[in-house]
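**Q** Before we start, here is the structure in question, set down as structure tokens.
The values are calculated or read from the model by the stated rules, or taken from the named source; none is laboratory data. All of these numbers come straight from a predicted model, not from anything done at the bench. Cβ placement follows ideal geometry from the backbone for every residue including glycine, while neighbour counts extend to all protein chains displayed.
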Amino acid sequence: MKNVLIKLLKNKFALTGLTVITLLIVVALFAPVISPYTPSEQNVFERLQSPSINHIFGTDDLGRDVFTRMIFGARISLAVGFISVFIILVIGTFLGIISGYYGGKIDYIIMRFTDIVLCFPTFFLIILVIAFIEPNIYNVMIVIGVTSWPGLARLVRAEVLSLKEREFILVSKMMAISNIKIFFVHILPNIISPLMVYSSLAIGGAILTESALSFLGLGVQPPMPSWGQILTSGKDYIYMAWWLSLFPGIAILVTVLAFNLVGEAIRDIFDPKEENIK
């Protein structure tokens with residue numbers, strides 16, 4: 001793992017992505033200290049003010065400081081990204097290992113269920129589920145997690161199918177080592193690289209999904225700040241308050257790009273052939 005970190009730091013694109021992610025985490029953690037206002041503080045006399053010294057990102061239609069709401073919105077985006085991807089990892093890794101390792105009817109049932117879930121576009125499936133439950137940050141994280149695991153499950157299954165025929169797995173079976181121990185000692189450590197790549201890319205996707213849901217009014221609900229909400233308020237004033245659309249749009253773009261850069265760099269590190277082709 002230490003060698004991976006060193007290689008990441010030597011990759012200029014990965015370093016850029018890690019710098020942006022680290023900055024976002026610091027900003028999210030120290031939001032109350034950095035922010036000059038509170039995210040729900042309203043001042044109708046300063047509504048739709050353009051960027052200035054007092055409000056560097058301007059104000060929205062309720063007179064709230066956009067910079068403050070952007071900072072607190074970073075907390076929402078990162079929380080949704082990390083927690084939803086954690087749920088995806090738990091479900092997808094578990095089902096992928098069980099399916100690939102045991103095979104037979106278990107593999108058939110899990111994969112056919114996976115195929116059924118994959119038949120539905122993930123984003124529309126999320127919207128369908130959200131429509132029947134209360135839209136809030138906790139439900140958004142859970143729904144993104146429980147509807148986005150099929151791709152990972154298929155990836156893990158493919159890795160396990162090749163691993164279970166390796167000598168160290170066969171020897172472990174001959175020594176009557178329990179399957180649980182084989183999973184945690186031999187299989188998981190050998191699939192950590194694709195899991196890291198998938199996680200980095202999936203976090204960016206989860207952040208983008210949350211922003212889209214909030215933009216549609218199906219994600220994080222007011223007064224909790226969200227980049228998608230700021231975009232929603234900006235669409236009605238796009239010609240007179242451009243900053244309401246520009247700043248959250250840039251924030252979403254840069255954040256997703258940063259995670260994608262790190263994911264691509266990790267994939268190059270663990271797959272030298274891919275790096276040589278490039």
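**Q** Name the helices (runs of 4 or more DSSP H) wholly inside segment 20-138 in which the number of residues that are touching a helix residue (DSSP H, G or I) at 6+ places or on another chain (Cβ under 8 Å) and more than 30 Å from H186 (Cα to Cα) is 3 or more. Break it down into steps so the answer makes sense when it comes.
**A** Values: elements: 31-34, 66-102, 104-118, 122-130.
So the answer is 66-102, 122-130.
**Q** Would you mind listing the helices (runs of 4 or more DSSP H) fully within segment 178-268 where at least 1 residues are surrounded by 22 or more Cβ atoms within 10 Å (Cβ to Cβ) and in contact (Cβ under 8 Å) with a residue 60 or more places away in the chain?
**A** 192-215, 227-235
**Q** For segment 2-12, check the following and say yes or no: at least one residue is over 18 Å from the mean Cα position of the chain (by Cα), touching a residue at least 24 places away in the same chain (Cβ under 8 Å) and over 26 Å from T255 (Cα atoms).
**A** Step one: filter segment 2-12 for residues over 18 Å from the mean Cα position of the chain (by Cα), giving 2-12.
Okay, now just the ones that are also touching a residue at least 24 places away in the same chain (Cβ under 8 Å), so 4, 7-8, 11.
Subset that is over 26 Å from T255 (Cα atoms): none.
Scanning segment 2-12 turns up no residue that is over 18 Å from the mean Cα position of the chain (by Cα), touching a residue at least 24 places away in the same chain (Cβ under 8 Å) and over 26 Å from T255 (Cα atoms).
**Q** Consider L163 against the criteria (1) at negative phi; (2) more than 27 Å from the chain's Cα centre (by Cα); (3) modelled with pLDDT under 85: it satisfies all of them except one. Which criterion is unmet?
**A** Going through the list (1) at negative phi; (2) more than 27 Å from the chain's Cα centre (by Cα); (3) modelled with pLDDT under 85, L163 breaks only (3).
**Q** Return the only residue of P222, P272, P248 being closer than 24 Å to F57 by Cα and modelled with pLDDT under 85.
**A** Only one candidate qualifies: P222.
**Q** Please work out which one of (1) crowded, with 17+ Cβ neighbours inside 10 Å; (2) touching a Ser or Thr at 6+ places or on another chain (Cβ under 7 Å) is the condition I106 fails and give its number.
**A** If we test I106 against (1) crowded, with 17+ Cβ neighbours inside 10 Å; (2) touching a Ser or Thr at 6+ places or on another chain (Cβ under 7 Å), just (1) comes out false.
**Q** Here are some conditions: (1) in a helix (DSSP H, G or I); (2) within 20 Å of the chain's Cα centre (by Cα). L170 meets all but one. Which one does it not meet?
**A** L170 satisfies every listed condition except (2).
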